[in-house]
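First up is the structure itself, then whatever we jot down about it.
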Amino acid sequence: MSNGMLRRAQWAARAFAGYDRAAVDRIVAAAGEVAARNAARYAEWAVRETGFGVAEHKTLKNVACSTGLLAEYAGHDYVSPRADAATKTVSVPRPAGVVLALTPSTNPVATVYFKILLALMTRNAIVVSPHPMAKECCSDAARTLAEAAVAAGAPDGVIQVVEDPRLPLIEELMADPLVSVIVATGGTPVVRAAHRSGNPALGVGPGNVPVLVDRTADLERAARLIVDSKSFDNSILCTNESVLIVEDAVADRLVSLMRGAHPLSAGETGRLRETLFPGGVFDPRFVGKDAGWIAGQAGIRVPAGTRVLLAPFDLAVPEEPLAHEKLCPVLGVLRVPSAERGIDAARAVLRIAGAGHSAAIHSTDPRTIMEFGAAVPVLRVSVNAGNSLGGSGVHTNLPISMTIGTGYAGGSSAGANLQPGDLINWTRLAYHVDAPFGDFTGLDPWSSPEGPVPRYPEPSNARAVPAATAPATPAAAGPDALRAEIRRLILEELASMARR
């Protein structure tokens, strides 16, 4: 099955690599628009299937990763060659080919939308492997976008999905030489497996976001943004704040302004710690659940409408469970005597987990903001913004992304928010420095397909012929050629069975 899917994707990628910009833009627009029309439906489906998150918030993410992406990259061109007379070079974009996209259960459909649209923008074929907990909504979403893309002129098989993702199959896919690049979003084991596969991989590490509030911050704004961010989709985004670090001088005032956040007593914090981290390990039952339900499980009474639980602790050390990542609306709170000590505490939090990922600061002092950004070992810092949507580019001018690169500090080859440009390479035509440069005005090696693109001539679960002998578009030669091709495949299959 996996080899058949990848052969089909390879066929589609080869055909798609010859499309011009107008054809690509038409396909991307069709897929993005159908994704946006179904944003709310898939958000509700994802919550129903996985059991966590907030449908309203997932809808926002689905829109951001559909029409939001179309707006973000409107006018960007990842298809046309670029001539530079000053350097005497011509740059020709070269798609990766076949992208294997591993998507998480936490942001399932948004990540499917995001990776599919990036692949289409760069003329790549993509095979989506959804998380088993979200396979139904993700499979349906991928099929919906595939139908829209093919109807707009994309090659058959340019978008495919693994309907029943199981570990042996995923490992087989990741190791297959037909895969050009793996884009892995998920837990650490998934990302490490992608890097071990032998294929190029863009993987990301876990978050554990510290947010520092110093005495110069606009406290009312900071309080509102932190609560909104920590409660967004019940903290399912890896960019959500994990530990609030606040200067003593303003801590009481900040907490009093955090409407919808309930501060816990020392005894309540102890009960919550034991409930969330039995044996010191986070219980996944609490991922994406709402604050009231979590409090109830710990035997804690909270006011109706509580969106975030504030759990104070004293030291950011590995032995303190509340200093670790919590994909639920529980925010650890650590008081510090000064901004300098707060920076030290943020570094300590990131030493526990989350290196390379994200951090946030609320301050009006440029010196403190600069010192914080230079000291914390992360590659994105949200300033006076909630980090859930700040680090992912929705509420900042960072690229909108559901895949957050953690760079060398986080053990990843990707250092920025994943962008379309990460799925292409560029061939450089470089003139001798003394040679006259040619006139490339209006030259473009690509073209729009004329008429409907032939369907892939082979079922996705059949054995495929070696790439070197497989015809590019056998159906284009007519029904006789197609029948001959199918007959040849059947004979090869029979011969292969006889040799076993």
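The values are calculated or read from the model by the stated rules, or taken from the named source; none is laboratory data. In this text, all values refer to a predicted model and were calculated from it rather than measured experimentally. Quick reminder, even Gly has a Cβ in these numbers, built from the backbone with ideal geometry, and neighbours come from all protein chains shown.
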- [ ] Could you list all residues from the stretch 231-251 that are under 19 Å from the mean Cα position of the chain (by Cα) and under 15 Å from Asp290 (Cα atoms)?
- [x] Phe232, Asp233, Asn234, Ser235, Ile236, Leu237, Asn240
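What do you reckon, is Ser231 touching a strand residue (DSSP E or B) at 6+ places or on another chain (Cβ under 6 Å), in contact (Cβ under 8 Å) with a residue 40 or more places away in the chain and not in a strand (DSSP E or B)?
Considered against the rule, which asks whether it is touching a strand residue (DSSP E or B) at 6+ places or on another chain (Cβ under 6 Å), in contact (Cβ under 8 Å) with a residue 40 or more places away in the chain and not in a strand (DSSP E or B), Ser231 comes out as yes.
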TODO: Please state which one of Ala353, Ala346, Ala359 is among the aliphatic types (A, V, I, L, M), closer than 21 Å to Leu315 by Cα, in contact (Cβ under 8 Å) with a residue 60 or more places away in the chain and out of contact with any helix residue (DSSP H, G or I) (no Cβ under 8 Å at 6 or more places or on another chain).
DONE: Ala353
Open item on the list: Against the definition (at positive phi and out of contact with any Ser or Thr (no Cβ under 9 Å at 6 or more places or on another chain)), how does Gly198 come out, yes or no?
Closed with: yes
- [ ] Kindly establish whether Thr188 is touching a Ser or Thr at 6+ places or on another chain (Cβ under 7 Å) and either among the β-branched types (Val, Ile, Thr) or assigned by TED's automatic domain parsing to the domain that holds Ala375 (or both).
- [x] no
- [ ] Could you name every one of the strands (runs of 3 or more DSSP E) located completely within the stretch 83-181 that has at least 3 residues being within 19 Å of the chain's Cα centre (by Cα) and not assigned by TED's automatic domain parsing to the domain that holds Ser388?
- [x] 98-102, 125-129, 159-161
Task: Unique match (being within 25 Å of Asn425 (Cα to Cα), of a type outside the set (Asp, Glu) and out of contact with any Asp or Glu (no Cβ under 7 Å at 6 or more places or on another chain)) among Val162, Val179 - done: Val179
Open item on the list: So in the stretch 362-391, with the set limited to residues that are more than 23 Å from the chain's Cα centre (by Cα) and outside any helix (DSSP H, G or I), which one is surrounded by the fewest Cβ atoms within 10 Å (Cβ to Cβ)?
Closed with: Thr364
TODO: From the list Arg221, Arg215, pick out the single residue that is outside any helix (DSSP H, G or I) and either within 17 Å of the chain's Cα centre (by Cα) or not assigned by TED's automatic domain parsing to the domain that holds Lys115 (or both).
DONE: Arg215
Open item on the list: Let me spell it out: the conditions are (1) part of a helix (DSSP H, G or I); (2) of a type in the set (A, V, I, L, M, F, W, C); (3) touching a residue at least 12 places away in the same chain (Cβ under 8 Å), and Val47 meets all of them except one. Which number is the exception?
Closed with: (3)
Task: Number of the exception - Gly405 against (1) of a type outside the set (Phe, Trp, Tyr); (2) surrounded by 22 or more Cβ atoms within 10 Å (Cβ to Cβ); (3) without any contact (Cβ under 8 Å) to a residue 60 or more places away in the chain - done: (3)
- [ ] Would you please name the residue that is nearest to Asp233 (Cα to Cα), looking only at residues in the stretch 38-88 that are touching a Gly at 6+ places or on another chain (Cβ under 8 Å) and among the aromatic types (Phe, Trp, Tyr)?
- [x] Phe52
TODO: State whether the residues of the stretch 21-36 include one that is outside any helix (DSSP H, G or I) and touching a residue at least 12 places away in the same chain (Cβ under 8 Å).
DONE: no
